Amino acid sequence: MSGRMSSGRLLVVLATAAVSAAVAAPHTDTDYCHQLDVKLNNELGGGRAERAGRRVLVQGRQRGVSVWWDGRAPSRAAAALLLAALRHGLRYRGLRLRRARSLHHIAHTLSLAPAFAAHCGSEEFWDQMSRWASVRVAGAGAGAAPSGRRLLVRLAPRARTLPPCASATRWPRFYGNTSLLRLCMFSQNYGSESAVLYAPTEWNITALHERTIVGSRLTVSLLDSNAKPRHQLVRLLQGNTSFLFLDYNIWGDVPGVRSVRAVTSERTFCESSLESDCSFRLATNTLQKFAPPLYNVMQRFNPLASDLRKVLELETRSANITEAACAWALSDSDRFKSWFREYPPAYRAVVFLCKNEEYDDAVLKITKIMERRMTRFRLEVWKYYIKCESEYDSMRLLQQLNRSLEWSRTLGVLAAGEGVAAAAQFAAAADVALVCYDTAPPAALGRHARGLGAHPRHLLAALQRLLADCRWKRLGVLSEDSHLARSLIDGLVANSDLLLYNIPIKNDTLEYSLDSLREANARIIFLNTDVKKSLSIVCEAFVKDMTRDSGYIWILREWYGDRVPKEMERTCYDRMTLYTISFWWRGGDLNSKRMKSSDEAMRLALDDLWPHRPWPRLAAPLADGLILLLNSFNNFIEKYPSHQYDLHARNVTHLIWESLKGSVLGVTQNLYANQYAAAEPIIFVEEWRGTERLPLAVCDINSCSYMTRSMCPSYEPPDGLRPCLTNNSEYNFVQHCNDLFWIISVIIIILSMTCIYVARHLRMKNFKNRDHKNIDGLSASGERATAKLADHLVDRTALEFHQEIGAGRFGRVRFAILRAPNRPILPVAVKSLRDDAAPAEEIEFLGEACTLASLRHEHIVRLIGVCATGGPPLLLMEYVFFGDLRGYLRERRHLVEYVDGEIPEEATHVSSYALTKLAREASLALAYLTKRQLVHRDVRASNCLIDARRSLKLADFGMARETMEYDGAAEYACRRRGFFPALWMAPESLDRGVFSPATDVWALGVLMLEMVTLGERPYGTWSPLRVLRYVSAGGRPPLPPNASLKTRGVLLSCWRRAPEQRPTSSETAAYLDANPLALSPTLGMTP
């Protein structure tokens, strides 16, 4: 039996009946155990050196093993033999022999039920074992030593030849006959007419003294308990006297020793005093899980009764029972070695396969190849089918496997699909090696997981290389919401040379998404999604005639290619020409120099499975995954044999991966046990038409080698980019070409100037005519602006108006609820013109909408829609919860005094950290406008809004304008200075009407002054005219007297006189990010 003691040792218990006599014996100094070690080393060879010093490890900790016996002689001999097999046969260390005081002692040590000892030996003992054993202890069968005690007779050599002496085995008739006792030499040494019964002192023989034994002449003699065990009995057996003795049933092969049996119906001491004892061995799951060789030896251990008797006889001539067991093993080594013969341990690899994809034959063939290569263990591969699109299916299955008894033999797991991230987290917690045989971003892999292929950035680099080779600058993307898809789309967005149009994929909006791509004239389309979703998209694109013949290029991450999915029509599948860019080879000849090495046997085996069609998409990585995992584990067993039965202890998974030094051959390239197995990743570009496959290119991180021809067409790149002289949205995917507008505007201006020059004397009359023409031009401009906002048009009947929340130069702002069809209910802020607004103001109003429609930034208020028909134009913008920044700060002025004391929750929102954060967000918004070549021209607190997340959003773009390049600097020149807020204007704007990103930085400084004074008016009570004169003369906004040094430094840098000396908005944002407490609130009044 095995179990765990409080001392941290494992137990092996062999309990049997019967105890031999203990008598003194001479002791020799022969070291039989050392001789046994030498003999086994010579016979079994040097390969056993790896097992020298083997330990039992449980969760990474060494545990000792105790072999228990119950104090009886055969049990002692059996325990010593088992100890010899474990210590010298299997080379386990940390073992010791222990004696139990009683059966109750064993039951208490192993946490067995009290009924265990009470019922031991009964008929129902084994039937009830499962109820008596503890949770971690179970019965493993009968004991290894005989349990029955016997009354035995030893006939002297001469007596054995006499026929009357043969009846000495009959009790009690023979022992009442004095003549027979004398004839058979029973009373020779005592001078009396009685037989002698020898009994060990360790047995309870009181009943023999107290009972009257009818018809027998019997003298009881006790064997000396102080002598060495069984030495006196062995000496008696060598004499010429017949005698009776009590012992266990281990004498069946000894001449002259027979068992005495009763031949009368009377109940004698043979039946009443020598009851049978129980015999058992116990085992635990712990021993089976963490030391299978030890557990198997205990099950195979089956010494004969004669073996035990010989060990007990050898004990009389040895130093102790363990030396006696070694002496017996030397004399019968073949039988001894049969108990501990080891077989390669069996381990299992778990493979998760995607449903609806056939890999059974591939797994079977790969397994057979790897079985022949794995020399140190036997391999089992268990397959489980999962939903690869599910994020948690793999993890749930792993949790179930973790609770099974077979988990201890699980060497690793291969997983694919979207659930890899959750599976990797569980693998780290459960300490199991995991290989992702599908493309996965680093965030999805943990320290216990390894990914095949390479980092997704390599796939992205190959895609960008192909786009550059084909001179494609516009790319439409249909992207799913997965770890890999997000990783790829982030990389594409970061490519400044690429115009990107990304549309998230939703099943209910698939048709709308394709229509959006068509309207945007997207000709190169990348399906950033799994193969299953790609099927639906491709078929829908075929219905809409968005094919290669129609000028559309479809690039996919993966494609089935090896079979026709049930959900697709054959026509759709066969007629679409597609391109894939992937880490995985799909079979065929490897004729590229980039694929320098491969596992030829594995590649040919896969080719045999699919001789006339492409391999399934994950066949190659599945083979690579098993190659990487199994080779790493095979090296691990060789390097760390003591850990091979404790696979899920802390740091074992690291040792498995660390064991693979260098690389191993994969299907197409060398594999390493790094986070990604491919050190020099290869990407394959292929053309598909149904199941027909044409390899086009093999790429690495630097370049692509085209194997046949380029996927680029011979004519001009069909990426949908049209030439345009006056595109006002250079960074937008959808072009807004204003050539016609500018041509008309130039013509109008020329005609107007000509009319003024020629007909000056008709000034009044021509003035009226010019007004009519301007109105017509403005109307045309309004129609063009409306056309630009076609994607944002909203039916004004869908609005439900509520209270007024603000007013501006154009009109007022009201809160409303937008209830548009096919859109969620949305709260909006509706901006409307005054009733008496002029046509020019209406055009400027729509211009603001056009500007907002082209902006996409988290700190710029978002345009929701425009109502351009059925009444005055309305602008629908996102509703911002806390309103404008000036009011927000003024409402919290009273909380500043709490900033340095006990802080109420709301006071933290006007702390130094909160104000600096708001200023940084305003800087980021202006940096974005600078990138878009726009100047805001009206940056102030009342034009900044605070949303529910306490984040700043820049608003009111009615005065925003595009900048032009003048002497290398981006500027906008205007002469209508009377319409601008002088308190926030820079000197060059007041003097020359010049606006640039530097003037916005000046206004940003004034905005930060409003922040630190919590909404106080800049320049105090000064009039705008006084401010204009003061700033033009070289002044700047006065600072509060108690402003901090950092606050002064930030503001003064924004108010430098020379525009080129001011920091850019990006630099200001970076400084505020690095100094999150740069702005400190102050209640001191400005002068």
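Only the coordinates and a few stated rules stand behind these numbers; no lab work does. Everything numeric in this text was worked out from a predicted model, so none of it was measured. In this analysis, Cβ positions are derived from the backbone assuming ideal geometry, glycine residues included, and neighbour counts consider all displayed protein chains.
Observations on the structure shown:
- Charge dipole (the stretch 885-1074, unit charges on Cβ, about Cα centre) - positive-most of Leu954, Val1050, Val994: Val994
- Comparing Tyr347, Phe377, Thr322 along the charge dipole axis of the stretch 298-430, the residue lying farthest to the positive side is Thr322, per the Cβ-charge model.
- Other-chain or far-sequence residues with amide H under 5 Å of Asn502's (modelled H): Val477
- Note on the stretch 935-967 and the stretch 655-677: Cα centroid distance 54 Å, given to the nearest whole angstrom.
- Out-of-range pairs (alpha-carbon distance over 26 Å; input Lys387/Lys473; Lys289/Lys383; Lys931/Lys953; Lys788/Lys953; Lys39/Lys310): Lys387/Lys473
- Principal axes of the stretch 355-451: Cα extent on each, largest first, Å: 35, 29, 24
- Cβ-based exposure ranking for Arg856, Arg474, in which fewest neighbours within 10 Å come first: Arg856, Arg474
- Where a label projected 7 Å from the Cα of Leu793 along Cα→Cβ would reach, residues of the stretch 855-869 with amide N under 12 Å: 866-869
- Put in order of Cβ neighbour count within 10 Å, fewest first, the listed residues Met985, Met602 become Met602, Met985.
- Gyration tensor analysis over the Cα atoms of the stretch 431-512 returns equivalent ellipsoid semi-axes of 27, 18, 9 Å (largest first, whole Å).
- With Cα atoms defining each centre, the stretch 1003-1044 and the stretch 298-326 are spaced 103 Å apart in the structure.
- 11 Å beta-carbon shell around Thr577, net charge (K/R +1, D/E -1): -1
- The reciprocal of the average 1/r between distinct C-alpha atoms defines the Kirkwood hydrodynamic radius, which for the stretch 885-1074 equals 16.9 Å.
- When the Cα gyration tensor is reduced to axis lengths a ≥ b ≥ c, the ratio a/c is 1.5 or higher for the stretch 795-847, and with a/b above b/c it is classed as prolate.
- Ascending count of other beta-carbon atoms within 10 Å, so fewest first, for Ser306, Ser832: Ser306, Ser832
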